[in-house]
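The values are calculated or read from the model by the stated rules, or taken from the named source; none is laboratory data. Computed from a predicted model, the values in this text were never measured in an experiment. With ideal geometry, Cβ positions are generated from the backbone for all residues, glycine too; neighbour counts draw on all protein chains shown. Please note that ligands, DNA and RNA were not included when accessible areas were found on the heavy atoms of the full protein model with its side chains. Shrake-Rupley method; radii C 1.70, N 1.55, O 1.52, S 1.80 Å.
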Amino acid sequence: MIILMGVAGAGKSMQGRLLADEHGFAWISTGEILRVLITGKRRQQMLEGKLLSDQEVIDVVDKVLELIDTSEEFVLDGFPRTVTQTDWLIDQTEKGRFRLTEVFNLQASEDVVRSRLMDRGRQDDTEAAINERFSEYRSVTLPILEHFKREQVRVCDIDASQSPRQVHDNIIRCLDEANS
C-alpha cells in the first residue's frame, strides 16, 4: 500500500491516478468515495469543509478495501486523516491485511495550493474552507506523519509544487529506494 498525504490541492489525486494508470495499481481516493457515498445532512456538512467522524471514515475505507485484492500494491489517497485512523491502518498492517510500502507527503506552498484549489472550482473550495484545510493540515496531518515515523513507517517528502511529471518521477525514485 502506498499512502499519499498532503493538504488539499497538493496533487494527491493526480499522483494517485498516475500511479494507477502507469503501474496498474488500484487507486482509492477517500475524498471521491466520500463525495459519492455520503448523503443528506452529513454531505452538506462535508461540503462546508467539516470532517466526518473517524469511525464513519474507517467504516467506508474498510468496506472499499474488502473490494480489492490487498495482496497487490494499491494507492490510498486522503486516508488516514487522524491519529485514530492511522492507528487503525497500522493495526490492519500488523495483522497482515496488507503491506505498507511507503507514505508520501506531498508538500506545496500555500500560494500554490490556494491557486490550484480555486482553479478546480469545486463547491467546497471556498476561501474559508481552504484556510481551514491549511489549519487542519498543520494541526492534524503533520502529527500523523510524525506518528508514522515513530512507528518506523518510511515517509518520503515530495516537493509537490513541481510539474506533475516531476512529482511522479520523484515518487517513483522513492519507491525504487524503498524496494531496493
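When the Cα centres of region 21-35 and region 96-112 are compared, how far apart do they sit, in Å? Taking the Cα centre of each part, region 21-35 and region 96-112 sit 14 Å apart. Got a sec? Which residues in region 97-114 would a label at residue 177 touch, if it sits 7 Å along Cα→Cβ and we count backbone N under 17 Å? From region 97-114, the list is 101-107.
Solvent-accessible area assigned to carbon and sulfur over region 1-114 amounts to 50 percent, based on a 1.4 Å probe. Remark: region 77-89, residue by residue, has Karplus-estimated 3J(HN,Hα) of 10, x, 8, x, 10, 9, 5, 4, 5, 4, 4, 4, 5 Hz, where x stands for each Gly or Pro and the curve is 6.51 cos²θ - 1.76 cosθ + 1.60 at θ = phi - 60°.
The per residue volume of the convex hull around the alpha-carbon atoms of region 1-74 is 97 Å³. Partner aspartates and glutamates whose Cα lies under 19 Å from the Cα of residue 63, excluding those fewer than 8 positions away in the same chain, are identified as 32, 54, 72, 73, 77, 87, 91, 94.
In order along region 5-21, the Karplus-derived 3J(HN,Hα) couplings, from 6.51 cos²θ - 1.76 cosθ + 1.60 at θ = phi - 60°, round to 10, x, 5, 3, x, 6, x, 4, 5, 4, 5, x, 5, 4, 4, 5, 5 Hz, and Gly and Pro are given as x. Looking at region 1-100, the trypsin sites (Lys or Arg not before Pro) that sit in a DSSP loop and have at most 13 other Cβ atoms within 10 Å of their own Cβ are 50, 95, 99. Judged by the mean number of other Cβ atoms found within 10 Å, the most tightly packed of the peptides 155-161, 2-8 leads the ranking 2-8, 155-161. Shown is the FRET efficiency for residue 112 and residue 72, computed with R0 = 35 Å from the Cβ-Cβ distance and rounded to the nearest 0.05: 0.60.
The relative contact order of region 30-180 comes to 28 percent, based on Cα pairs under 8 Å that sit 6 or more residues apart.
From helices alone, the chain scores -17000 deg cm²/dmol at 222 nm; the rule is -39500 (n - 2.57) for each run of n ≥ 4 DSSP H residues, then divide by the residue total.
The residues of the chain present an accessible area of 51 Å² per residue when probed at 1.4 Å with all protein chains retained. If you run the Gaussian network model on the chain, springs between alpha carbon atoms under 10 Å, then out of 30, 82, 93 the most flexible one is 93. The simple spin-label model puts a point 7 Å past each Cα toward its Cβ; for residue 35 and residue 87 those points are separated by 3.1 nm. Each residue of region 175-180 was assigned a 3J(HN,Hα) from its phi angle through the Karplus curve 6.51 cos²θ - 1.76 cosθ + 1.60 (θ = phi - 60°); the sequence is 4, 4, 5, 5, 8, 9 Hz, with glycine and proline shown as x.
The equivalent ellipsoid of region 104-158 has semi-axes of 26, 12, 8 Å, largest first, where each one is the square root of 5 times an eigenvalue of the Cα gyration tensor.
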